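Right, one structure below, let's go through it.
The values are calculated or read from the model by the stated rules, or taken from the named source; none is laboratory data. Just so we're clear, the structure is a prediction, and the values are computed from it rather than from any experiment. For neighbour counting, all protein chains shown are included, and Cβ atoms are generated from backbone atoms with ideal geometry for every residue, glycine included. In case anyone asks, the SASA skips ligands and DNA or RNA and just uses the protein heavy atoms, side chains included. Shrake-Rupley method; radii C 1.70, N 1.55, O 1.52, S 1.80 Å.
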Amino acid sequence: MPDSPDGLTAVMDAIVTAAGKAGADDSVLARLRCLRTADEDTLLKSPAELGLDSLTWLEVLTVLEERFDVLLPDVVVVTPESRTVLGLARALAECRRAAR
């Protein structure tokens, strides 16, 4: 995959953390943990296709912002590409590069 595994891992970890905070049951959390071995097509699915509601996706963004001490600009957050695991990993990488 073209992006840093660390960026993808960070997004995947944030998804599991956010889903846990939202009260997802163990079977959902187990399925989300499988994102680590997912193919690129899966990483390009929308949050809804992954079984996440919009509030949980917002929590994913919050978790990432807190972990990396970076603010994801609104223009990044609302783009369709950043509403996928792979797109969000790319957006996070760009924001982290810009903050250096």
query = Checking Ser46 against (1) outside any helix (DSSP H, G or I); (2) open to solvent by 100 Å² or more (accessible area, probe 1.4 Å); (3) not hydrophobic (A, V, I, L, M, F, W, C), which test does it fail?
reply = (2)
task = Filter region 54-82 down to residues that are part of a helix (DSSP H, G or I) and open to solvent by 90 Å² or more (accessible area, probe 1.4 Å), then give me how many there are.
result = 8
ask   = List, please: which pairs have Cβ atoms under 6 Å, are six or more places apart or on different chains, and start with a residue in region 69-87 that is modelled with pLDDT of 85 or more and end with one that is not in a helix (DSSP H, G or I)?
value = Arg83/Ser46; Thr84/Leu44; Leu86/Leu44
note = Here the qualifying pairs (Cβ atoms under 9 Å; residues six or more apart or on different chains; first in region 9-36 and touching a residue at least 40 places away in the same chain (Cβ under 8 Å); second aromatic (Phe, Trp, Tyr)) come out as Ala10/Phe68; Ile15/Trp57; Ala18/Trp57
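Which count do you get for residues in region 83-100 that are assigned to a loop (DSSP other than H, G, I, E, B) and open to solvent by 90 Å² or more (accessible area, probe 1.4 Å)? If you could, list the steps in order and put the result at the bottom.
So the first thing to find is which residues in region 83-100 are assigned to a loop (DSSP other than H, G, I, E, B), and the list is 84, 100.
Now drop any that are not open to solvent by 90 Å² or more (accessible area, probe 1.4 Å), which leaves 100.
Result for region 83-100: 1.
I'd like the residue in region 25-43 that is crowded, with 19+ Cβ neighbours inside 10 Å and either modelled with pLDDT of 90 or more or charged (D, E, K, R) (or both) and, out of all such residues, is nearest to Cys95 (Cα to Cα). Step through it out loud before you land on a result.
Quick first cut of region 25-43, residues crowded, with 19+ Cβ neighbours inside 10 Å only: 32, 35, 43.
Narrowing further to those that are either modelled with pLDDT of 90 or more or charged (D, E, K, R) (or both): 32, 43.
On the way: Leu32: 24, Leu43: 20 Å.
Checking each candidate, the answer is Leu43.
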request  = Determine which single condition Asp13 fails, assuming it passes every other condition in (1) at pLDDT 90 or above; (2) assigned to a loop (DSSP other than H, G, I, E, B); (3) surrounded by 13 or more Cβ atoms within 10 Å (Cβ to Cβ).
outcome  = (2)
